[in-house]
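Participant: Provided herewith is a single structure, encoded as C-alpha cells, for subsequent inquiry.
The values are calculated or read from the model by the stated rules, or taken from the named source; none is laboratory data. The model shown is predicted, which means the values in this text are computed figures rather than measured ones. A quick note on method: Cβ atoms are made from the backbone with ideal geometry, for glycine too, and the neighbour counts reach across all protein chains shown. Ligands, DNA and RNA are stripped out before the accessible areas are found, and what is left, the full protein with its side chains, is counted by its heavy atoms. Shrake-Rupley method; radii C 1.70, N 1.55, O 1.52, S 1.80 Å.
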Amino acid sequence: MSGPALSITGLQAGLGELQILKGVDLEVPFGEVHALMGPNGSGKSTLCHVLMGKPEYHASGSARVGGTDVLGLPVDERARLGLFEAFQYPVEVPGVTLDDLMGEIAQAAGSGDGFGDRMAAAVAELGMDRFLERPVNEGLSGGEKKRSEIFQLMSMAPKVAILDEIDSGLDIDAVREVAAAVEAMRSPALGVLLITHYSRILRYVTPDRVHVMMAGRIVRSGGPELAEELEAKGYDAIAADLGIDLSEPEDDDGADFLAGL
Amino acid sequence: MLPLTQDTAARAATGLPEPVRARIEHGAALYEKMPMPDPRGEDWRYVELGMDLDDAALPEAPGAPMPGEGVVAAALGEVAGRALSVDGFTVEASGDGLQALHDAGAAAWEAAGRAGIPADLDRFAAAHHAFGRDGVRVDVPAGTAVGAPYLIEVQAVTPGSLVLPRIVVAAGDGAEAAVVVHYRSPDGVALTAVPHVEVGGGANARVSVTVVQTWGDQTTAISQHHHVAGRDGAVELAETGLGGRFARLHLTVDLDGPGADARVLGLYFGDRQQTLDYRAFVNHNAPNTTSDMFLKGAVGDTARSVFTGLIRIEPAGQKTNAHQTNRNLVLSDGAEAHSVPNLEILANDVRCGHGSAVGPLDAEQRYYLMSRGLDRAAADRLQVKGFFEEVLTRYRHQQLEPPLRQAAMAKYAGIIGGSAT
Ligand SMILES: Nc1ncnc2c1ncn2[C@@H]1O[C@H](COP(=O)(O)OP(=O)(O)OP(=O)(O)O)[C@@H](O)[C@H]1O
Ligand SMILES: [Mg+2]
C-alpha cells in the first residue's frame, strides 16, 4: 500500500450555520492505530459522520481514504472504498435481523471478497450466534451494540476503521476483548482511528499516535504518553497550556485554515 | 344481471326460509330509503368513494372461477374445510362444520350469537341484507378445537356486478377455530364487493380470522366485519390489504364477556391510485377485557390510506387493558396516509394506550445501512421489509408469511424509481 490509509487536510464542516470542524488535519498511515481524544462536544463524532458522508453536514477540504478523496461521494460508495465507521450510537433497524443485514452487506461487497469466511470467524470469536436472529441493535445493551459494530467491522475488512467510542458502555472484560480484537486486526492493509474518552482501552491497544481535538481542531498530537498526560492533567490544563479558551463560542479564523489548502 | 330494485330483492327471497325473507324485506326497504354515504360525514372522511351503488347490478349466476390456484391456497397446506364463493354464490363447500348458506335451512342463516352487521350501518350494509342470498357458514361445536384452518376463497369476476358474500363463524363454548379468507378479482374489471363477516364466540371460545385481500385494481370493496367474544373468549383478525381500487375494512369488535380478548393485526400497502380505508371500533363492554390493535401500512405513488380506530370502554369495562398502534410509511410525495386513533373511556380503572405515526423512511436508518455499503435502494428496501416484518411475524399462519412478504415487497418494487422521497 502506498500513501496513508486516511489523510485529512483542512477539513471544515458544520450543520447549517453551525461550524463544528474548523480545519482538521490528520493522517493515519496503513498499519497504524491512532487515538483521538477530546472533550465532549469537541467534534469527534462530527468528524466521523463527515468522513462517512452523513447527508445533513456540509464539508470542505479533503479527506482521502486509500488515496481517494471521499468528500462529496455517497455514503455507500465511501463504504465500498474501504471506510468503516463504528457508530457511537448504533442505529436500531426494527424488523431487520443482524443476519439479514449481514446478507445484504455480503451482497453489496460482491462475491470473491472473502466476506463469508471473515464473518464466520468473527461470529465464533465474538460469540455472535445469539445476536444473528435478533433485530439490528434493537433491545441490545450498550455493550452488545458495540460488540455488534466490531463484528460488522471484522466481517467487512475495511481500509480505514473509525471507532467512535467503541469502549464506552463496555464492562472491563469486554473492553479488553474489543481492544484485543482491534490489535488483532492491525495489519498493513488497515489504518485505525480510535476515538475514546478513556485511557483504559489504551492499556490493551497501543496507539502509534494520540491526537487531541478541541473546539473542532486537532490541537496536539503525540505518542502514547500523551494519553497519560491527558489522564493526569485533564483537558482544561491542556487548553490552558495552548492558550485555548474552551468556553469561547465561535471564532472566525477558520478562513486561515482554508487559505492554507 | 338484475337491477338493485325491490323487485329484485323479492325475487332473491323466493325459496328462502321465512326469517330470511324478513331480513331481505327489511334490507330492501332500507336500501331504497338510504342515500349513498355523505362524503362529508365522519365515517367517510379523507376518502372519495367514486362510485354509486345504483350503477351496479346483481349477477343471476356465478361467472367462471378465476384460473389458477390462489397464493393463499397454495401456501396454506392442510385445511379443515374449504369453500369457494364466486360472484356471491357459494359454488363449493366441503369439510366438517362448513356449509353453503343457500342449501342450508333457516338455522344456518341465523346470526352467530350477537354478531351481525346491522342493515342500517350504511347503504352497503342495507344492500347486503336486501340482495345477499348466499354465503358460507362455519359451525364449531362447543368444546371442539379444529386444528387446521378453514379456507374460504371469495372471488368476484363479473363486470359491473355487486357481489355480496356472507361469512358466518359460530363457535360454541370452549371451541377453537381459525378461518382464512382470500378475496380476489381480476384486474381491469370494474365491480363492487360487499362481504359481511360475522364471528360469534361463546365462553372460552377462540376464533381467529385471517383475511388476505388481493382484489383486482378496479374493484371497490366494502368489507364489513363484526366479531364478538364471550367470557374469557378471544377473537382475532389479521388482515393484509393489498388490492382494490377502493378497499374498506369496517370492523366492529365487541368484547361482551368478562376476560374477553381481541387482537387485530393489519398490514396494508397502497400504490398507484388506490385507497385503503380502515375503520376499526373495539368495544369493551365487560370487565377485565383486553385488546391490542397493531396495523402497519405503506402508501406510494398517489395512493391514500386511512386508519381511524376507536377504543370504547363502557362503564362496565373496568380493568380493561387496551392498545392500538398504527404506523404508516409514506413513500412518495403524492401519497397520503391518515391515522386517527381515538379513545372513549367511560370507566375509571383502565389501562389504555395508543400510538400513531405517519412519515417517510427513517434517514438515520438509511445512513446507518448505507455506511455498511448498501446502496440507497437496498437500504430502503431493507427498511421497508423490516417495517412489515413486525406485523408478519405475529401472523398465526406462518406459512402465509413468505407469500405475503413477497407481495408487499413486489408492490414496493413497483413504486420505487417513481417519486420516492
Ligand atoms: N444535529 C445537531 N444539531 C445541533 N448541534 C449539533 C448537532 N450535532 C452536533 N452538534 C454540535 O456539534 C458539536 C460537536 O458534537 P460531536 O457530537 O461531534 O461531539 P463529540 O466530540 O463527539 O462529543 P462526545 O464526546 O460527547 O461524543 C457539539 O457542540 C454538538 O452540540
Ligand atoms: Mg461523540
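Participant: Using only the alpha-carbon atoms, how far is helix A:98-109 inclined from the longest principal axis of chain A? Give it as 0 to 90 degrees, nearest 10.
Facilitator: With rounding to tens, the tilt is 70 degrees.
Participant: Kirkwood hydrodynamic radius for chain A: how many Å is it when counted over pairs of different Cα atoms?
Facilitator: Roughly 18.9 Å, rounded to one decimal.
Participant: Ranked from the most accessible area to the least, with a 1.4 Å probe and all protein chains present, what is the order of B:Ser185, A:Ser111, A:Ser45, A:Ser141?
Facilitator: I get A:Ser111, A:Ser141, A:Ser45, B:Ser185, largest accessible area first.
Participant: Residue separation times 0.36 nm, minus the C-alpha to C-alpha distance between B:Glu401 and B:Glu60: what's the value?
Facilitator: 119.1 nm
Participant: Next question, about the same structure. Relative contact order (percent) for chain B, with alpha-carbon contacts under 8 angstrom and 6 or more residues of separation?
Facilitator: 10
Participant: Among B:Ala100, B:Ser185, B:Leu310, flag the residue with its Cα farthest along the positive direction of the charge dipole of the protein assembly as shown, charges on Cβ as +1 for Lys/Arg and -1 for Asp/Glu.
Facilitator: Value: B:Ala100.
Participant: A further question follows. Need one value: the accessible area of B:Asp333 in square angstrom, 1.4 angstrom probe, rounded to the nearest 10.
Facilitator: Roughly 120 Å² of B:Asp333 is accessible to a 1.4 Å probe.
Participant: Taking the Cα atoms of the protein assembly as shown alone, what are Rg (to one decimal) and Dmax (as a whole number) in Å?
Facilitator: Here Rg and the maximum Cα pair distance are 31.4, 102 Å.
Participant: Let me ask you something else. Which Cα, out of A:Gln88, A:Gln152, A:Pro224, lies furthest along the positive dipole direction of chain A (beta carbon charges, K/R +1, D/E -1)?
Facilitator: A:Gln152
Participant: Which order do you get for B:Val157, B:Val71 if you rank them by accessible area with a 1.4 Å probe, largest at the top? It would help to have the intermediate numbers written out before the result.
Facilitator: Working: B:Val157 25, B:Val71 85 Å².
Largest accessible area first, the residues go B:Val71, B:Val157.
Participant: Which ³J(HN,Hα) values in Hz, rounded to whole numbers, follow from the phi angles of segment A:22-38 under the Karplus curve 6.51 cos²θ - 1.76 cosθ + 1.60, where θ = phi - 60° and Gly and Pro get x?
Facilitator: 10, x, 9, 10, 7, 9, 10, x, 4, x, 10, 10, 10, 9, 10, 10, x
Participant: Considering only protein heavy atoms and a probe of 1.4 Å, how much of the accessible area of segment B:1-141 is carbon and sulfur, as a whole percent?
Facilitator: 52
Participant: Pop a pseudo-label 7 angstrom from the Cα along the beta-carbon direction at both A:Ala124 and A:Glu77 and give the gap in nm to one decimal.
Facilitator: That separation, rounded to one decimal, is 3.8 nm.
Participant: If you put +1 on each Lys and Arg Cβ and -1 on each Asp and Glu Cβ, how big is the dipole of chain A around its Cα centre, in Debye rounded to 20?
Facilitator: Values: 21 positive and 42 negative charges, 112 e Å.
Approximately 540 debye in magnitude.
Participant: Lys/Arg Cβ at +1, Asp/Glu Cβ at -1, dipole of the protein assembly as shown taken about the Cα centre: which of A:Met213, B:Leu30, B:Ile222 is farthest positive-ward?
Facilitator: The residue sitting most towards the positive pole is B:Leu30.
Participant: Let me ask something else about it. Taking the solvent-accessible surface of protein heavy atoms with a 1.4 Å probe, what is the per residue accessible area of segment A:132-181 in Å²?
Facilitator: With the other protein chains kept in place, segment A:132-181 gives 33 Å² per residue.
Participant: For labels at B:Arg114 and B:Thr393 in the simple 7 Å Cα→Cβ model, what's the distance in nm?
Facilitator: 3.7
Participant: From Cα coordinates alone, what are the radius of gyration and Dmax values for segment B:6-361 in angstrom?
Facilitator: In order Rg, Dmax, the Cα atoms of segment B:6-361 give 19.2, 56 Å.
Participant: May I ask for the distance between the Cα centers of segment A:1-36 and segment A:205-237, given as a whole number of Å?
Facilitator: Measuring centre to centre over Cα atoms gives 15 Å.
Participant: Additional query: List the residues, sorted by chain then number, that are 5 or more residues from A:Ala5 or on another chain and whose placed amide H is less than 5 Å from its amide H.
Facilitator: Residues meeting the amide H criterion: A:Val28, A:Phe30.
Participant: For a Förster distance of 60 Å, can you work out the FRET efficiency between the beta-carbons of B:Glu69 and A:Ser221, rounded to the nearest 0.05? Spell out each step's value before the answer.
Facilitator: Details: r = 70 Å, r/R0 = 1.16.
Computed FRET efficiency for B:Glu69 and A:Ser221: 0.30.
Participant: Enter the angle in degrees (range 0 to 90, nearest 10) between the Cα long axis of helix A:115-126 and the first principal axis of the Cα atoms of chain A, meaning the one along which they spread out most.
Facilitator: Computed tilt is about 80 degrees.
Participant: Let me ask something additional. Of A:Gly67, A:Gly95, A:Gly43, which is the most mobile in a GNM of chain A whose springs link Cα atoms less than 10 angstrom apart?
Facilitator: Taking springs between Cα atoms under 10 Å, the residue moving most is A:Gly95.
Participant: Compute the angle between helix A:172-185 and the longest alpha-carbon principal axis of chain A, please, reported from 0 to 90 degrees and rounded to the nearest 10.
Facilitator: The answer is roughly 90 degrees.
Participant: Right, another one. In segment B:372-387, which residues give up 20 Å² or more of accessible area once the other protein chains are added, compared with their chain alone (1.4 Å probe)?
Facilitator: B:Arg372, B:Gly373, B:Leu374, B:Asp375, B:Leu382, B:Lys385, B:Gly386
Participant: With an 8 Å Cα cut-off and a minimum separation of 6 or more residues, compute the relative contact order for chain A in percent. Working shown, then result.
Facilitator: Numbers: 475 pairs, mean separation 72.3, N = 261.
Relative contact order of chain A: 28 percent.
Participant: Here's a follow-up. Nearest 500 deg cm²/dmol is fine: what mean residue ellipticity at 222 nm does chain B get from its DSSP H runs of n ≥ 4 alone, each adding -39,500 (n - 2.57), divided by its residue count?
Facilitator: Using -39500 (n - 2.57) per qualifying helix, the result is -6000 deg cm²/dmol.
Participant: Just to confirm my numbers, what's the Cα centroid distance between segment B:1-47 and segment B:174-231 in Å?
Facilitator: 20
Participant: Taking the Cα centre of chain B as origin, sum charge times position over the Cβ atoms of Lys and Arg (+1) and Asp and Glu (-1), and report the length of that vector in debye to the nearest 20.
Facilitator: Working: 35 positive and 51 negative charges, 161 e Å.
So the magnitude is around 780 debye.
Participant: Are there residues in segment A:93-110 whose accessible area shrinks by at least 10 Å² when all protein chains are included rather than the chain by itself, and which are they (probe 1.4 Å, ligands and nucleic acids not counted)?
Facilitator: Relative to the lone chain, where solvent access is computed with a 1.4 Å probe, segment A:93-110 loses at least 10 Å² at A:Val93, A:Pro94, A:Gly95, A:Val96, A:Asp100, A:Leu101, A:Glu104, A:Ile105, A:Ala108.
Participant: Here's something else I'd like to know. For B:His225, enumerate residues with amide H under 5 Å from its amide H, sequence gap 5+ or separate chain, H modeled in the peptide plane.
Facilitator: Amide H to amide H, under 5 Å and 5 or more residues apart or across chains, B:His225 pairs with B:Val197, B:His250, B:Leu251, B:Thr252.
Participant: A follow-up question, please. Rounded to the nearest 20 debye, what is the charge dipole size of the protein assembly as shown about its Cα centre when +1 sits on each Lys and Arg Cβ and -1 on each Asp and Glu Cβ? Could the numbers behind the result be given before it?
Facilitator: Details: 56 positive and 93 negative charges, 196 e Å.
Rounded to the nearest 20 debye, it is 940 debye.
Participant: Ordered by packing density, taken as the mean number of other Cβ atoms within 10 Å over each peptide's residues, highest first, how do B:315-327, B:278-290 rank?
Facilitator: Values: B:315-327: 19.4, B:278-290: 22.5.
For the peptides B:315-327, B:278-290, the packing ranking is B:278-290, B:315-327.
Participant: Also, I was wondering about something else. Please give the total accessible area that chains B and A bury against each other, computed with a 1.4 Å probe and expressed in Å² to the nearest 100.
Facilitator: By this definition, chains B and A bury close to 2000 Å².
Participant: While we're on this one: Would you mind getting the accessible area per residue of segment B:6-361, heavy atoms of the protein chains only, 1.4 Å probe, in Å²?
Facilitator: About 35 Å² of surface per residue is accessible.
Participant: Whenever you get a sec, compute what percent of the accessible area on segment B:230-290 sits on carbon and sulfur atoms (1.4 Å probe).
Facilitator: So the carbon and sulfur contribution to the accessible surface is 46 percent.
Participant: Okay, next question. Would you kindly give the portion of the calculated P(r) for segment B:292-407 that falls above 18 Å, as a percent of all Cα pairs?
Facilitator: Percent of Cα pairs beyond 18 Å in segment B:292-407: 62.
Participant: Next question. Quick check: pseudo-label points 7 Å beyond the Cα along Cα→Cβ at A:Asp241 and B:His102, how many nm apart are they?
Facilitator: 9.4
Participant: For segment B:40-55, what does the Karplus curve 6.51 cos²θ - 1.76 cosθ + 1.60, with θ = phi - 60°, yield as ³J(HN,Hα) per residue in whole Hz, taken in order and with x for Gly and Pro?
Facilitator: Residue by residue, segment B:40-55 yields 8, x, 4, 5, 10, 4, 6, 10, 10, 5, x, 7, 10, 4, 5, 7 Hz.
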